[in-house]
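Heads up: the structure comes next, in structure tokens.
The values are calculated or read from the model by the stated rules, or taken from the named source; none is laboratory data. Predicted model, so just to flag it, every value in this text is computed and none were measured. Neighbour counts run over all protein chains shown; Cβ positions are idealised from the backbone, glycine included. In case anyone asks, the SASA skips ligands and DNA or RNA and just uses the protein heavy atoms, side chains included. Shrake-Rupley method; radii C 1.70, N 1.55, O 1.52, S 1.80 Å.
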Amino acid sequence: MSEQKYVGVWPVMLTPFDENRNIDWQSLEKLIEWYLAAGVHGLFADCQSSEMFFLSDNEARKLVRFIIEKVDGRVPVVASGHTASALSHQSEQLIGMAETGVDGVIMISNRLALAGESDEKSLQTLQLLTSQLPESVDLGIYECPYPYKRLLSDETVAWCAQSDRFTFIKDTCCDLAMIKRRVELSAGSRLHLANANSQTLLASFEAGCKAFSGVMANFHPELYVWLYENWQSEPEKAQRLSDYLSTAALVENLDYPICGKYFQQSLGNFRTILCRVRDSQGFNNTFYPGAIDAMARLGDEIRKSLSL
């Protein structure tokens, strides 16, 4: 297994829905091709951006199989779908996801223990679930903010690195000091840290982090690809780009994932902005669309300056 498999830019995929809030497969195929045309290095399917807590287990597996089929080996695909509360159901979900043919199955940190329960309890659950999953599939963890955010302890990160099973942590700590510590804890292992935070991204690359997996790859993935691939050789341009990406990422707060679907609709990839996770009816009556459009226009100027 190449140590470089889980590096680079990994969009957290949106799920398009039709007028009846069923999965819009035609729009999903357009989205996949759009990501790949931007040069991304992998895809994170059936995650929070995919509205995984609002998909049935059967829908989740069908979604991931479709993505794997359309990607056709061009980049690796990881997926989660780890949403259940009961441990037995969690095991079924993860084993079922492993059977879809994904490269990696991603566990959700807040499913490992209840809010208020100890890091030791979380690690015990992680170890139990790991023992139940086939060794043929790589594993990862995502510090998903919903329904609550559980950050991984140093002990958990160290165990994942030493296990030789884990290859991917989607890091949402947004804390550069913690990111640096996690990079040190995983040094020399198969485990890669995928920073989700645009504001700390360039500094995290400089500290040894080798991946980005954040929601803003649903707006301008090619800019994140450029930053990842060129930050060392063109530091001045990289700093300017990082300044833009850090500021642009504030639109995450404008009714995401609706704003992401609005942007995809403006590109012609999505037919609707409908979600299951929240009501999108009033979105177009806010200032949010104008802010997304302005961000996109500025992004186009940055893109031209980088000859993209």
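Filter segment 269-308 for residues that are open to solvent by 90 Å² or more (accessible area, probe 1.4 Å) and part of a helix (DSSP H, G or I) and give the result. Listed by number, the residues that qualify are Asn284, Asn285, Arg297, Leu298, Glu301, Lys304.
Annotation: of all residues in segment 39-58 being part of a helix (DSSP H, G or I) and open to solvent by less than 50 Å² (accessible area, probe 1.4 Å), the one that is nearest to Cys275 (Cα to Cα) is Met52.
Condition check for His82 on (1) of a type outside the set (A, V, I, L, M); (2) buried (at least 16 other Cβ atoms within 10 Å of the Cβ); (3) assigned to a helix (DSSP H, G or I); (4) touching a helix residue (DSSP H, G or I) at 6+ places or on another chain (Cβ under 9 Å): one failure, at (3).
Just to verify a result, which residue in segment 3-38, among those that are acidic (Asp, Glu) and either assigned to a helix (DSSP H, G or I) or open to solvent by 40 Å² or more (accessible area, probe 1.4 Å) (or both), is modelled with the lowest pLDDT?
So the residue we want is Glu3.
Tallying residues that are surrounded by fewer than 22 Cβ atoms within 10 Å (Cβ to Cβ) and part of a loop (DSSP other than H, G, I, E, B) within segment 85-102 yields 4. Just to be sure before I move on: is Cys259 open to solvent by less than 30 Å² (accessible area, probe 1.4 Å), of a type outside the set (Phe, Trp, Tyr), at pLDDT 95 or above and not in a helix (DSSP H, G or I) in the structure I sent? No; evaluated as a whole, the condition is false for this residue. Determine whether segment 242-255 contains at least one residue that is surrounded by fewer than 17 Cβ atoms within 10 Å (Cβ to Cβ), over 29 Å from Cys209 (Cα atoms) and either at pLDDT below 95 or charged (D, E, K, R) (or both). No, every residue in segment 242-255 fails to be surrounded by fewer than 17 Cβ atoms within 10 Å (Cβ to Cβ), over 29 Å from Cys209 (Cα atoms) and either at pLDDT below 95 or charged (D, E, K, R) (or both). Only residues that are out of contact with any His (no Cβ under 6 Å at 6 or more places or on another chain) and farther than 27 Å from Asn20 by Cα were counted across segment 252-308, and they come to 15. Taking the criterion of being closer than 14 Å to Leu94 by Cα and either at pLDDT below 95 or in a loop (DSSP other than H, G, I, E, B) (or both), the only residue of segment 110-125 that qualifies is Leu112. Restricted to segment 126-214, the set of strands (runs of 3 or more DSSP E) holding at least 3 residues that are in contact (Cβ under 8 Å) with a residue 12 or more places away in the chain and open to solvent by less than 10 Å² (accessible area, probe 1.4 Å) comprises 138-142, 166-171. Restricting Leu151, Leu123, Leu139 to residues that are closer than 22 Å to Pro76 by Cβ and not hydroxyl-bearing (Ser, Thr, Tyr) narrows the list to Leu139. Selection over segment 225-254 of residues that are assigned to a helix (DSSP H, G or I) and over 19 Å from Pro11 (Cα atoms) gives a count of 7.
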